[in-house]
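Trainee: Can you keep this structure in mind? I'll have questions shortly.
The values are calculated or read from the model by the stated rules, or taken from the named source; none is laboratory data. The structure presented is a predicted model; accordingly, all values stated were derived computationally and were not measured. Don't worry about glycine lacking a Cβ; one is built from the backbone with ideal geometry, like all the others, and counts go over all protein chains shown. Note: accessible area is taken over every heavy atom of the protein model, side chains too, but ligands, DNA and RNA are not part of it. Shrake-Rupley method; radii C 1.70, N 1.55, O 1.52, S 1.80 Å.
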Amino acid sequence: GDGALIYAGLRHLLFGETEALKSWICAACAVELARAGRDTLWIDTDGMGRAALVERLRALGLADDQIREHVLYLAPDVPLDDDGAKHLVAALDTRAVALVVIDAHDPALELQ
C-alpha cells in the first residue's frame, strides 16, 4: 500500500556507511513477511553468517520455527553458474518468496 518502505515487484537498494543498520532494516522486512506467511531468500555475500542473522531475527521477535519455515539462507562462495541457477529456480518455485536480500552488493558483484 501507500507509504510502504519496500514496494512489491520493485528493486530497492539500501546504501550507507558500515553499521548504518541496512541489514537490520532488511531483517525487519523479513520478519513482517514471515508473520504474513511469506518467505525471504537471504543471500549472504558479506560474511554475516547464519547465526548472526538468526540472532537478529529472534531479536525482532521471530520464533525459531518461523525462521526455519520462512527464511532461506544462502552463503555462496563461488559464482552462480547455469546449473546452480536451475537448482535455485527449482527450489524457489516451491516457495512463496516475497523478498530477496543480497547482503551485500559489492561482495556479490565481486563473487559473480
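Trainee: I'm trying to understand the selection: among the residues of segment 53-74, which are over 15 Å from residue 21 (Cβ atoms) and assigned to a loop (DSSP other than H, G, I, E, B)?
Mentor: Of everything in segment 53-74, those that are over 15 Å from residue 21 (Cβ atoms) and assigned to a loop (DSSP other than H, G, I, E, B) turn out to be 61, 62, 63.
Trainee: From the set of residues in segment 31-55 that are open to solvent by 90 Å² or more (accessible area, probe 1.4 Å) and among the acidic types (Asp, Glu), which is nearest to residue 109 (Cα to Cα)?
Mentor: Only one residue tops the list, namely 46.
Trainee: Could you check segment 1-52 and list, in sequence order, the residues that are touching a strand residue (DSSP E or B) at 6+ places or on another chain (Cβ under 6 Å), assigned to a loop (DSSP other than H, G, I, E, B) and under 17 Å from residue 70 (Cα atoms)?
Mentor: Of everything in segment 1-52, just one residue is touching a strand residue (DSSP E or B) at 6+ places or on another chain (Cβ under 6 Å), assigned to a loop (DSSP other than H, G, I, E, B) and under 17 Å from residue 70 (Cα atoms), namely 38.
Trainee: For segment 56-90, which residues satisfy the criterion of being more than 18 Å from residue 32 (Cα to Cα) and within 15 Å of the chain's Cα centre (by Cα)?
Mentor: 74, 75, 76, 88
Trainee: Test each condition in (1) open to solvent by 30 Å² or more (accessible area, probe 1.4 Å); (2) modelled with pLDDT of 95 or more; (3) within 17 Å of residue 6 (Cβ to Cβ) for residue 58 and report the one that comes out false.
Mentor: Condition not satisfied by residue 58: (3).
Trainee: Within segment 75-110, restricting attention to residues that are closer than 11 Å to residue 44 by Cβ and either in a strand (DSSP E or B) or of a type outside the set (D, E, K, R) (or both), which residue is most open to solvent (accessible area, probe 1.4 Å)?
Mentor: Across segment 75-110, the extreme among qualifying residues is 102.
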